[in-house]
Amino acid sequence: MKNKLQVKVLGTGTSQGVPVIGCKCKVCTSPDPKDKRLRSSILFTWNDENFVIDTGPDFRQQMLREDVDSLRAVLYTHEHKDHVAGMDDVRSFNFLEKRNMELFCNHAVAETLKREFHYAFGGNTYPGVPRVNINIIENQPFQLPDGPMVTPILSYHYKMPVFGYRIGDFAYMTDVKTIPVEELNKLKGVEVLLLDCLREEPHISHLNLEEALDIINFLKPRQSYLTHMSHYFGTHEEIQKKLPLSVAPAYDGLIIDID
């Protein structure tokens, strides 16, 4: 049987999300559902197994919205709060599936999880805390349990190392400012790319539109989507008008089938 990959975009927003608390700009007050951007994350399904990249503050809401009742593992890109803050809610899957949640991350993320969720680690944990197994990954391909082989793509969020991930002909790259040439070469041949793009103006730790399009033009995927978009970037409709035909702004709830 041919393995099938489907991606569901859980969130496309920045660390504050969109709308931003207290903001009355045209993006934050837009009635278009595509302008409601939860913190950036994706769920991908390999055959019948679900996997999530990053558990941000909106993780519970995203799981409820997508009616997810089974989750095999979580992969982390980096240790910032908007990508790890929802880890506690994997305990619902502990209860449903009667097993520990497998987490895949680098050493820095592991240390952050142990510090932020200290109650889940150690020999005398309180009943009902999340039960997790941390799997430390390096910059080399690894196999997910009951899932695909994953190739990490090392990039930098300002000076912070961040992992993007390639799964077959799909790649997810969020919170990116620079990608070393040797890592960029790992992305050659991807058919679908979901790429960080904060806004049009330059930023110290994120790609802007010009930089994101440069990467897309180098890799030439069949289809590219932009994510981690600020309210400064504009509405979904405004962003779409600025892009070539093979590039689109992602939106929360977008489903991508990868052949």
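The values are calculated or read from the model by the stated rules, or taken from the named source; none is laboratory data. Here the structure is a predicted model, which means the values were calculated and not measured. Neighbour counts run over all protein chains shown; Cβ positions are idealised from the backbone, glycine included. Just the protein is used for accessible areas: all its heavy atoms, side chains included, with ligands, DNA and RNA removed. Shrake-Rupley method; radii C 1.70, N 1.55, O 1.52, S 1.80 Å.
Here's a check for you: in the range 65-114, which residue that is of a type in the set (D, E) and more than 15 Å from the chain's Cα centre (by Cα) is surrounded by the fewest Cβ atoms within 10 Å (Cβ to Cβ)?
Top of the filtered list is D67.
Taken across the range 179-190, residues that are in contact (Cβ under 8 Å) with a residue 60 or more places away in the chain and either more than 24 Å from N50 (Cβ to Cβ) or among the β-branched types (V, I, T) (or both) do not occur at all.
Select from the range 93-124 the residues that are of a type in the set (S, T, N, Q) and in a helix (DSSP H, G or I) and list them in ascending order. Hits for the range 93-124 are N94, T112. Please determine, by comparing only the residues of the range 223-238 that are over 20 Å from the mean Cα position of the chain (by Cα) and not aromatic (F, W, Y), which one is most open to solvent (accessible area, probe 1.4 Å). The selected residue is E237.
Only residues that are open to solvent by 40 Å² or more (accessible area, probe 1.4 Å) and under 28 Å from S155 (Cα atoms) were counted in the range 119-140, giving 7.
Looking only at residues of the range 198-214 that are within 22 Å of V7 (Cβ to Cβ) and in contact (Cβ under 8 Å) with a residue 40 or more places away in the chain, we find that the one that is surrounded by the most Cβ atoms within 10 Å (Cβ to Cβ) is L198. Among the residues making up the range 217-247, those that are of a type in the set (A, V, I, L, M) and under 12 Å from L193 (Cα atoms) are L219, L226, V247.
Among the residues of the range 157-173, those that are among the small types (G, A, S) and either within 11 Å of the chain's Cα centre (by Cα) or open to solvent by less than 40 Å² (accessible area, probe 1.4 Å) (or both) comprise G164, A171.
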